[in-house]
1. Which of B:Phe211, B:Phe17, B:Phe40, B:Phe241 has the fewest other C-beta atoms within 10 Å, and how do the rest follow up to the most?
2. Between B:Met334 and A:Ser108, with labels modelled 7 Å along Cα→Cβ, what's the label distance in nm to one decimal, could you check?
3. Considering only the other residues whose Cβ falls under 15 Å of the Cβ of B:Pro299, what net charge follows from Lys and Arg at +1 and Asp and Glu at -1?
4. Rounded to whole Å, give me the distance from the Cα center of the range A:98-146 to that of the range B:399-449.
5. Roughly how many debye, to the nearest 20, is the charge dipole of the protein assembly as shown about its Cα centre, given +1 on each Lys and Arg Cβ, -1 on each Asp and Glu Cβ, and no other charges?
6. Rg(Cα) of the range B:393-440 divided by 2.2 N^0.38 Å?
7. What does the structure give for B:233-239 when I average, per residue, the other chain Cβ atoms found within 10 Å of the residue Cβ?
8. Ignore the peptide's own chain and count Cβ atoms of other chains within 10 Å of each Cβ in B:255-265; give me the average, rounded.
Amino acid sequence: MEIPYTVEARPDTGWTNGKLAMWLFLASEVMLFGALFSSYVILRAGATDWPRESLNVGAASVNTLLLLASSLMISKARAAATGGDWPSHRRWLWTTVVLGFVFLGIKSFEYSEHLAHGEYPSNSTFLAVYFTLTGFHALHIVGGLLVMLYLLGPGARLYTRNPRHFVNRVECTALYWHFVDVIWLCLFTLLYLV
Amino acid sequence: MTAPVHGSASFWRTYVFSQDHKVVGIQYAVTGLLFLLLGFTLMMIMRWQLAYPLRPIPIIGGWLGSANAPGGIMLPEFYNQLGAMHGTIMVFLGVVPLAVGGFGNFVMPLQIGASDMAFPKMNMASYWVYLCGGLIMVASFFVTGGAAQSGWTSYPPLAVIAPGQTLWLIGMVLLITSSLLGSINTIVTVVQLRAPGLTWMRLPFFVWAQFVTAFLLLLAFPPLEAAGALQLMDRLAGTSFFMPSGLVVTGQPLPISGGGNPLLWQHLFWFLAHPEVYVLILPAMGIVAEVIANNTRKPLWGYRALVYAVGFLGFMSMTVWAHHMYMTGMGTTMSTFFQITTMVISIPSVVILTVLMLSLWGGSIRFTTPMLFALAFLPMFGLGGLTGLPLGLAPTDIPLHDTYYVIGHFHYVVAPGTIFALFAGIYYWFPKATGRMMHEGLGRIHFWGSLICMNIVFMPMFIQGLGGMNRRLYDGGLQYAHNAPLLKWHVVIAMAAWTLGLFQLPFIANFFGSLKWGTPVDRNPWHATTLEWLAPSPPGHGNFQTIPTAYRGPYEYSVPGAATDFTPQFEPDAQ
């Protein structure tokens, strides 16, 4: 049994099923991170004193650049797949994955630094917020990487069978990856800079 | 009527790990019904404790274990576990899975003329994630320390300190994931898979109700997921998101950093849990609308008003959450805002109820079992709604909030309200799902017994609450002198609750018996107009032999000049 509009957009709505689903998912993600950020704001605004351990702004700045670059890379990968340039698509998508993994590496270096200095989430509300929010974000990075590895591995076969469908999937992944990128920009600003 | 043949899938693929929306819907519905029975059983045990406090529970007292009920006498901790799990099971594992997962999955794609949900695999996943979450919740009764015991609302600091909460949180995260998958699927299906000709204003009201409900689940649940994760951090990593400074527990200062905010949890929880009230009620209203239109043999009065009201209701439901928190002393500015939004949201609710009630006017009503339940829904939900008004205003809420009045109020909304509508839906769509009718006589016994017992259970709670009896007391308020004249009602309620349990037996017998002995039916036994009645009963995988076209609105009953008193959506215009 075929489900309609998985590949071609429904004419009167202009959506494919997958793309609409991705936007809806992102809407729920906005509510998730919105709640987490609001919690942070409320806790911080309501605190009588706010002991704040220093964070590694240098490492986080590098991470910010990495994620911004990876967003550019996945856009390139999408454009290449749309244009039918398969080798470039693979190259750009692999670059995105590598940048994502380097991000996680730097992030775990930061975590291990804190833990080595005895800075645990239980020490202060600031550290609790820092670990929880960046942890949530890191999980989202891991999720995105898994999807990209799937698209590079077993999922790549779809391209030969139905290139249009494959491109739709890359596009949805890119949407998600950009979103995770934007969340990081908010985290970087609110946790490291403010 | 034979179902179309669709290859020979294995037993496991067809009945267990099925991606067919109808099988997933039936799985959801049956699991939800079992959880409803479990949640109700917990309450029947609690009712003994309230009616006859500190006396051993007969027969089953010995089965509860010495950690819970030594000598058959219930411990306060166990009472709290039963209370917390009754609420959790009824709301998250019973009513919502039945109303949204069950009816939404089974009926909605049929009503829009689709061959399945937009994402069949995701649909299957959402059921299995829900089942895992539910089993984890139930399993928490059997671990050391028992189940969650801080109420279904799980307010910290108590919820962070008390045992049993960790599994509750993990279960909840799974349930939220399941509802996220389900709600995305529902919205995409309604937007994308409507049959040709089925424009938005031709959608049956049930589909609209499911559509708005899905948005509530999509947008209101994530904040609770965030809150659940933060509470999990508080419990497992020793953080203090919800833990204020200077907490002392049994004489010992807690070794935490403090500085957290318990009210933050309440805000995040109610930001979900108020929309959740509408998740409970909107599908019920959708079912009642379908059953009323079908059994009055006339179009719904004010279909457009219904649609606009349900949309507005969905939007407003996101803006009223803190009316559950007047007790926290949030200040007059905040409470004024929430009192106003609460009064505003009662308007679309009343519009919907009024439309449904006016739809009865001038109809030639068929008093079938589904119609009886749908008719009872109207005054019962009305009672629940009206008794809610004093709770929406801070001055009257503050003295009533921690009393049985609140229990009476929301149970009128959910039990003889929503659950009656769900029963109406089961009796109404059972022939579509199985190809056989349920027994009318047993249905009537079930209906009248349930209606009378429910009212004897919940009406006295208003008397107790207005008399000042606090809720959540494990001895039913025995220790307070002012409760003395009210205690006798506990016995009345307990008797009625157990009798209510007995009156569910005809339903259970009917449900399973009709699978075998029910009268076989053709496609459209109720002479209904919506698209699901075009499909065979039961529909095969893929639903329709050919994708139908909708030619008209959903409730064209008794059209002047028509040959029959119903003109289905799928019937082409006579040329």
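The numbers here are math on the coordinates, done by the rules we state, and not lab data. Bear in mind that the values here come from a model prediction, so they are computed numbers and not experimental data. Every residue, glycine as well, gets a Cβ built from its backbone with ideal geometry; the counts of neighbours run over all protein chains shown.
1. Numbers: B:Phe211 26, B:Phe17 14, B:Phe40 19, B:Phe241 29.
Ranking B:Phe211, B:Phe17, B:Phe40, B:Phe241 by Cβ neighbours within 10 Å, fewest first, gives B:Phe17, B:Phe40, B:Phe211, B:Phe241.
2. 4.2 nm
3. Values: positive: B:Arg202, B:Arg297, B:Lys298, B:Arg304, B:Arg552; negative: B:Glu290, B:Glu556, B:Asp565.
Around B:Pro299, the charge tally is +2.
4. Comparing the Cα centres of the range A:98-146 and the range B:399-449, I get a distance of 49 Å.
5. Working: 34 positive and 29 negative charges, 207 e Å.
Around 1000 debye, computed over the protein assembly as shown.
6. Details: Rg = 17.6 Å, N = 48, 2.2 N^0.38 = 9.6 Å.
Cα-based Rg divided by the globular estimate yields 1.84.
7. Numbers: counts 7, 3, 0, 1, 7, 5, 11.
Counting other chains' Cβ atoms within 10 Å and averaging over B:233-239 gives 5.
8. Working: counts 1, 1, 10, 2, 12, 6, 7, 0, 2, 6, 1.
The per-residue average across the peptide is 4.
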